[in-house]
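Beneath this line is the structure, given in structure tokens, with notes to follow.
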Amino acid sequence: MSKLLWQPSNQRIAAARLTEFQNRVNDQCSLALSTYDDLWQWSIDQPDQFWGSVCQFLDIEFSQPAQEVLQTGVGIRDARWFEGAKLNFAKHLLKRRDDSIAIIFRGENGKRRTLTYAELFQQVASVQGYLKKMNIGAGDRVAGYLPNAPEAIIAMLATTALGAVWTSCSPDFGVNGVVDRFGQVEPKLIFTVDGYHYAGKQINNLDKLPEIVDRIPSVEGVVVYPFLNDSPDLTGIKGAQPWSEALDDQAGDIDFVELPFDHPLYILYSSGTTGVPKCIVHGAGGTLLQHMKELALHTDLGPDSRLMYFTTCGWMMWNWMASGLAVGASLVLFDGSPFHPTASALWDIVEQEEITAFGTSAKYIAAIQNAGYLPNQHHSFAQLRSILSTGSPLSPESFEFIYDSVKQDLHLASISGGTDIVSCFALGVPTLPVYSGELQARGLGMAVDIYDDEGNSLLEEKGELVCTAPFPSRPIGFWNDPQGERYKAAYFERFDNIWAHGDYAELTKRKGVIIHGRSDAVLNPGGVRIGTAEIYRQVEKVAGITDSICVGLPKEDDVVVALYVVLADGLELTDDLVAEIKRTIRNNTTPRHVPGIIKAVTDIPRTKSGKIVELAVRNVLVGEPVKNRESLANPEALELFEGLGV
């Protein structure tokens, strides 16, 4: 049963940008929308009016107006948004050009740098000067192999201002992981660093670059920012030059190339744990529109906000965070380990930089809980208004931890969407109450529903999360998929002309959303579908368990639920602890949820963005190959599961 944890004050509701938007819609469209549900339903029933109103409210500028907002074709895949319109993505992120802070960088080694909006504009102009010398133009690909530092934002803005396509991953990727991604999209340039800091160590990046450049023949130049050393030795790296030499200090302005709404902006990558990563292409207009809607209306950010999202350049939350510049916010970037030198690392920054919106992963929040660290015992968060969590479902216990141990008057928004749409299907609403374990609502303009196997709509029952109508941030397609066959197979084969997202979820009576896990990881003992998150929520209640992973293993003609747990230092998986785990799961779920196998391991394999890889673990347990271990942050953890199956 979900608990009410937070109710926004009347003053906060009245001051919210969402309320201002709703009032303006009522005035301009002669409506009487009084609740969020009213607004959401109108956004679904009248997509032309809704998205047109969003553009007007958020001051999205088209150099050439659209013939119409939406051309509906025969389904979501064929819909065309803002046909005939032209705009530039980077121009919207660089509208503000004053001396207000645009970016604050904090490194785990204590380094702090700031850039004003005016300085940011000038540095983007300088990098763009280099891009022009290298003949980078619309449609060319430019790659960032970078930490979460200002240079990543600068290079991305310089690239997208010209209409070139930005793609990135973090420097902890090995050679094969980089080549698997960038090699498919053939970038002309790579921006990178000589190395980076993590957990108190300096990690060299230069030794990987010669092989990467050699294996990606399209690369004509490599720009290296001195992140560790002032004068790194670039000998042996073909086409490499220091960041300082690549800049055009004479560049005074930026060319913003106006291009069609669906012109490619970003190429993002699927996790790649089941094969070579899919290259997902996102359009400039849809990304801008969706991000600004989510940042301004759903997260209540504006020019007085400071946004910090704990992310790397290999996770879509980096792209989402960068768009905070479009609403005039200040970005606070952190690169390094969130636990170095202690568990207070990120919370120190939240307090010191007066963060108003702090984003992280559910895994990080659970790790802070398990570490026994209570942020409000060590910090004052007077300016903090909201915390966002994503990457995996946030457990009810983690919801309560935030309110008990961080701050009581706080908008906690668990959000869900992903790389596929570079945005959210369900997320926070600053004018609604927060209930434990629930995402507050479906996003405005997102026709999200829950379907059973026959395509019937469900309420308060578990099923497949789908989107039944067009939305602007639908990806353009996959790279090197000219007929769209892989794209169709990924999202549209389950239901005809309906986007099936791959989440096993539930719509509550309040129209909130509960994510029960990934559909492809759903357990099926005795024919009963169980989401893995249902089990994780119970395991997290058991003292002494710091992490877990659950998979379904074939046994005779059925499926046995297998649970693998990581124990706190000094603990053993005794019969009593196994009994407690089973009792906790049975008492709070059903007998079908109780694992038939419970074993201890010392680590859980995860992607580089922190997501556990249930399918890869299952493959090891049943003796099938794991195709792309390079995509994992800790591939060696897979070996721990060998021989632990049925």
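Considering GLY359, GLY418, GLY391, GLY372, which residue is within 26 Å of VAL539 (Cβ to Cβ), in contact with a Gly (Cβ under 6 Å, 6 or more places away or on another chain) and of a type outside the set (Asp, Glu)?
Matching residue, one of GLY359, GLY418, GLY391, GLY372: GLY391.
Step by step: first the residues of region 247-271, then only those that are over 31 Å from the mean Cα position of the chain (by Cα) and of a type outside the set (Asp, Glu), then the one that is surrounded by the fewest Cβ atoms within 10 Å (Cβ to Cβ). Which residue is that?
Step by step, filter region 247-271, then rank; the result is GLN250.
Name the residue, out of GLU642, GLU636, GLU624, that is among the acidic types (Asp, Glu) and within 25 Å of TRP315 (Cα to Cα).
GLU636
How many residues, within region 583-630, are at pLDDT below 90 and at positive phi?
Qualifying residue count for the region: 1.
Taking the stated definitions as given, is ARG215 among the basic types (Lys, Arg) and either open to solvent by less than 10 Å² (accessible area, probe 1.4 Å) or under 22 Å from the mean Cα position of the chain (by Cα) (or both)?
no
Could you list all residues from region 501-546 that are open to solvent by less than 30 Å² (accessible area, probe 1.4 Å), of a type outside the set (A, V, I, L, M), part of a strand (DSSP E or B) and more than 17 Å from SER436 (Cα to Cα)?
Hits for region 501-546 are HIS501, GLY502, ASP503, TYR504.
Name the pairs: first residue in region 189-200 and free of Cβ contacts under 8 Å to residues at least 60 places away in the same chain and among the charged types (D, E, K, R), second residue assigned to a strand (DSSP E or B) and open to solvent by 10 Å² or more (accessible area, probe 1.4 Å), Cβ to Cβ under 9 Å, at least 6 apart or on different chains?
Cβ pairs passing all conditions: ASP194/ASN204; ASP194/TYR225.
Residue by residue, here is whether (1) out of contact with any Asp or Glu (no Cβ under 6 Å at 6 or more places or on another chain); (2) modelled with pLDDT under 95; (3) closer than 26 Å to THR607 by Cα holds:
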position	(1), (2), (3)
GLY73	yes, yes, no
ARG80	yes, yes, no
ASP98	yes, no, no
ILE103	yes, no, no
PRO147	no, no, yes
THR160	yes, no, no
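Could you look through region 13-50, keep only residues that are under 18 Å from LEU427 (Cβ atoms) and in contact with a Ser or Thr (Cβ under 8 Å, 6 or more places away or on another chain), and pick out the one that is most open to solvent (accessible area, probe 1.4 Å)?
For region 13-50, the residue satisfying everything is ILE13.
Being touching a Pro at 6+ places or on another chain (Cβ under 9 Å) and either outside any strand (DSSP E or B) or surrounded by fewer than 21 Cβ atoms within 10 Å (Cβ to Cβ) (or both) is the filter here; which residues of region 93-106 pass it?
Selection gives ARG96, SER100, PHE105.
Scan the strands (runs of 3 or more DSSP E) fully inside region 288-365 and keep the ones with 1 or more residues being open to solvent by 10 Å² or more (accessible area, probe 1.4 Å) and over 22 Å from SER380 (Cβ atoms).
330-335, 357-361
Just to check your reading of the model, which residue among ASP453, ASP449, ASP481 is assigned to a strand (DSSP E or B), open to solvent by 10 Å² or more (accessible area, probe 1.4 Å) and not aliphatic (A, V, I, L, M)?
ASP449
Within region 195-209, take every residue that is open to solvent by 50 Å² or more (accessible area, probe 1.4 Å) and not hydrophobic (A, V, I, L, M, F, W, C) and give me the one that is farthest from ASP140 (Cα to Cα).
Restricting to residues being open to solvent by 50 Å² or more (accessible area, probe 1.4 Å) and not hydrophobic (A, V, I, L, M, F, W, C), the top hit is GLY200.
Of the residues TYR504, TYR451, which is of a type in the set (Phe, Trp, Tyr) and at pLDDT 95 or above?
Every option except TYR451 fails the conditions.
Mind checking which strands (runs of 3 or more DSSP E) fall wholly inside region 1-92 and carry at least 1 residues that are of a type in the set (Asp, Glu), more than 30 Å from GLY437 (Cα to Cα) and without any contact (Cβ under 8 Å) to a residue 40 or more places away in the chain?
68-71
What residue, among those in region 161-194 that are under 20 Å from PHE478 (Cα atoms) and acidic (Asp, Glu), is surrounded by the fewest Cβ atoms within 10 Å (Cβ to Cβ)?
GLU186
Search region 553-568 for residues that are among the hydroxyl-bearing types (Ser, Thr, Tyr) and pair each with any residue that is open to solvent by less than 10 Å² (accessible area, probe 1.4 Å) and at pLDDT 85 or above when their beta-carbon atoms are under 6 Å apart and the residues are at least 6 apart or on different chains.
TYR564/ILE549
Within the set of pairs 6 or more residues apart or between chains, which connect a residue that is hydroxyl-bearing (Ser, Thr, Tyr) inside region 625-643 to a residue that is part of a helix (DSSP H, G or I) and open to solvent by 10 Å² or more (accessible area, probe 1.4 Å) with Cβ atoms less than 9 Å apart?
Qualifying pairs under 9 Å: SER631/ASP180.
Listed residues PHE191, PHE121; which is among the aromatic types (Phe, Trp, Tyr), at pLDDT 95 or above and either under 23 Å from PHE339 (Cα atoms) or not in a helix (DSSP H, G or I) (or both)?
PHE191
Looking only at region 372-402, filter to residues that are part of a helix (DSSP H, G or I) and open to solvent by 10 Å² or more (accessible area, probe 1.4 Å); which one of those is farthest from SER519 (Cα to Cα)?
Here the answer is GLN377.
Pick out the one residue from LEU444, LEU459 that is in a loop (DSSP other than H, G, I, E, B), farther than 21 Å from LYS278 by Cβ and open to solvent by less than 10 Å² (accessible area, probe 1.4 Å).
Result: LEU444 is the single residue among LEU444, LEU459 that is in a loop (DSSP other than H, G, I, E, B), farther than 21 Å from LYS278 by Cβ and open to solvent by less than 10 Å² (accessible area, probe 1.4 Å).
Taking VAL222, is it modelled with pLDDT of 95 or more, part of a strand (DSSP E or B) and closer than 30 Å to LEU87 by Cα?
yes
Counting only residues that are part of a helix (DSSP H, G or I) and of a type in the set (D, E, K, R), which one in region 130-160 is most open to solvent (accessible area, probe 1.4 Å)?
LYS133
Do we have GLU642 as open to solvent by 20 Å² or more (accessible area, probe 1.4 Å) and either basic (Lys, Arg) or within 21 Å of SER270 (Cα to Cα) (or both) here?
no
Let me spell it out: the conditions are (1) in contact with a helix residue (DSSP H, G or I) (Cβ under 7 Å, 6 or more places away or on another chain); (2) of a type outside the set (A, V, I, L, M); (3) crowded, with 19+ Cβ neighbours inside 10 Å, and PRO625 meets all of them except one. Which number is the exception?
So PRO625 meets the others, but not (3).
How many residues does region 252-263 hold that are closer than 12 Å to ALA161 by Cα and assigned to a strand (DSSP E or B)?
Final tally of qualifying residues: 1.
Would it be correct to say that LEU563 is at pLDDT 95 or above and not in a strand (DSSP E or B)?
For LEU563, the condition - at pLDDT 95 or above and not in a strand (DSSP E or B) - is not met.
The values are calculated or read from the model by the stated rules, or taken from the named source; none is laboratory data. Values in this document were obtained by computation on a predicted structure and should not be read as measured data. Ideal geometry is used to build each Cβ from the backbone, glycine not excepted, and the neighbour counts take in all protein chains shown. When the accessible area is computed, the model is the full protein with side chains, heavy atoms only, and any ligands, DNA or RNA have been set aside. Shrake-Rupley method; radii C 1.70, N 1.55, O 1.52, S 1.80 Å.
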